[in-house]
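Okay, structure first, notes after.
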Amino acid sequence: MRWHVALKLLGALLLVAAATTMSLQVHVGGSGRSGRSCGSSLDVLTDRAGWETWYAQDTVDTADGSSPRLLRTLECPDAVNTRSLIAGVLGAAGVAAFVAATAFRRSRATAPPPSNQIVRLRKLGLAVTVSGAVLVVAGLAALGVLLANSDATLFVYVGRPLVAILGLIVLAPVLALLVGGRALTTLARLLADRERDDETE
């Protein structure tokens, strides 16, 4: 199996793992019947679960003696944030694998070998692109975790839509890094093509 195919398969598996991690139920205080469900990270992001839901369920459990304390209210925020962080890391690794596969395939397709300057430029472009992709996915995951925490003090002063817009604005330099890396990679490919054309003339 070629390396770029293996990298793409790895990237697909990592993205599937990230999506699965986001959709799996988060439990606190144990697993199965002994634990309490917080919902999934996706439920929290879509407002189908949150502080109000956890507190209401804890109140019922405390009233009927099922739980002596507000277990969900106290432990679900950290548990859900941890699960979202894991999903974000998996997603970032998946995107990085896809970018690396594309760059690897293009680097192998060029013949004759380009000059050292073009090789260095291509490596720089690849490094910048991968770094930008990882930072973008990590930033989006962090923004998602922030928006998922309905108990955050920040939302007392500003609404979620404004926080989302400001978060995307903050991510603009990272997006520029990703675009710049792709531009360097494209420039390296164009220079390699011109160099090959000059040699064939």
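No lab work stands behind these numbers, since they all come straight from the coordinates. None of these values were measured; they are calculated from a predicted model. Here Cβ is always computed from backbone atoms with ideal geometry, including for glycine, and neighbour counts include all displayed protein chains.
The amide H of Gly39, built 1.01 Å from its N in the peptide plane, has Val26 as neighbours under 5 Å, considering only residues 5 or more places off or on other chains.
Taking the average, over residues, of other Cβ atoms within 10 Å as the packing measure, peptides 44-52, 172-180 rank 44-52, 172-180 from highest down.
Of the residues Cys76, Cys38, the one with the fewest other Cβ atoms within 10 Å heads the list, and the complete ranking is Cys38, Cys76. Between Val170 and Ala12, full extension at 0.36 nm per residue minus the direct alpha carbon distance yields a gain of 54.1 nm.
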